[in-house]
Amino acid sequence: MSEPVTALRGATDAAGIVQIREIGPRGMITLRGDLSDKATIKAAVAAGGVNVPEVRHCNTEGESGIAWMSPDEVLIMCPYAEVHARIADLRTKLAKQHSLAVNVSDARALFSVTGPHAREVMAKLSPVDLHVDAFTPGMFRRTRLAQVPAAFWMPQEQTFNIVCFRSVAVYVYDVLKVAAQPGSEVGHF
């Protein structure tokens, strides 16, 4: 088996007011189905290693996790090497359910933005209210980052993880670097 290659080969930039890092590779599975069905929930929990999150939240532990994407969709994250086994397990457990489990690992890019100015950098690029009272660790949003669709969550205070399509990874990395230029602090948060 060949080694996975991320979109930016692990690019990192710490020259600005935050550290921007491409994370990866990470196993990612789109699971669509009836998220109120007990069998679907049980299968998702087994694949993601955490509980299914409430609406607009993400539960993570290490490389594993589950992010709420829509009323009938979650994004399951796992170690890259385990994604095929986890999909096979999902398909077995959900064979009698109307569902879809797809490996999207190589079609996505994953970034982290870390530092005391992380909220400012993200707020410059997204139409989400990122005030500390409105967006807290564990919350998840599907939105836009500048001109492209993306989703993000805070696994902890001062850190945002961003997932986007691999095809726009260079753009996302570049706009993050522009928003984090030295001296670009706004002082809002």
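The values are calculated or read from the model by the stated rules, or taken from the named source; none is laboratory data. Just so it is clear, the model here is predicted, and its values are computed rather than measured. Backbone-built Cβ (ideal geometry, glycine too); neighbour counts: all protein chains shown.
Just to be sure, is residue 86 surrounded by 16 or more Cβ atoms within 10 Å (Cβ to Cβ), more than 22 Å from residue 26 (Cβ to Cβ) and modelled with pLDDT of 95 or more?
no
Quick one: would you say residue 148 is farther than 26 Å from residue 50 by Cα and surrounded by 16 or more Cβ atoms within 10 Å (Cβ to Cβ)?
Working: farther than 26 Å from residue 50 by Cα: yes; surrounded by 16 or more Cβ atoms within 10 Å (Cβ to Cβ): no.
So residue 148 does not fit the description; no.
Taking residue 127 as the residue in question, decide whether it is modelled with pLDDT of 95 or more, part of a loop (DSSP other than H, G, I, E, B) and either touching a strand residue (DSSP E or B) at 6+ places or on another chain (Cβ under 8 Å) or among the small types (Gly, Ala, Ser) (or both).
yes
Of all residues in the range 100-118, how many are β-branched (Val, Ile, Thr), surrounded by 21 or more Cβ atoms within 10 Å (Cβ to Cβ) and not in a strand (DSSP E or B)? Can you show your working first?
Of the range 100-118, the ones β-branched (Val, Ile, Thr) are 102, 104, 113-114.
Those still in the list that are surrounded by 21 or more Cβ atoms within 10 Å (Cβ to Cβ) too: 113.
Checking the rest, the ones that are also not in a strand (DSSP E or B) come to none.
Selection size over the range 100-118: 0.
State which residue pairs qualify: first residue farther than 11 Å from residue 78 by Cα and inside the range 37-52, second residue assigned to a helix (DSSP H, G or I) and among the charged types (D, E, K, R) in any location, beta carbons under 6 Å apart, and separation of 6 or more residues or different chains.
43/93
Residues that are assigned to a loop (DSSP other than H, G, I, E, B), in contact (Cβ under 8 Å) with a residue 12 or more places away in the chain, of a type in the set (Asp, Glu) and in contact with a Pro (Cβ under 7 Å, 6 or more places away or on another chain): does the range 58-66 have at least one?
yes
So which residues in the range 12-24 are part of a loop (DSSP other than H, G, I, E, B), surrounded by 15 or more Cβ atoms within 10 Å (Cβ to Cβ) and more than 17 Å from the chain's Cα centre (by Cα), if there are any at all?
Initial filter on the range 12-24 (part of a loop (DSSP other than H, G, I, E, B)): 14-18, 24.
If we keep only those that are surrounded by 15 or more Cβ atoms within 10 Å (Cβ to Cβ) too, we end up with 16-18, 24.
Result: 16, 17, 18.
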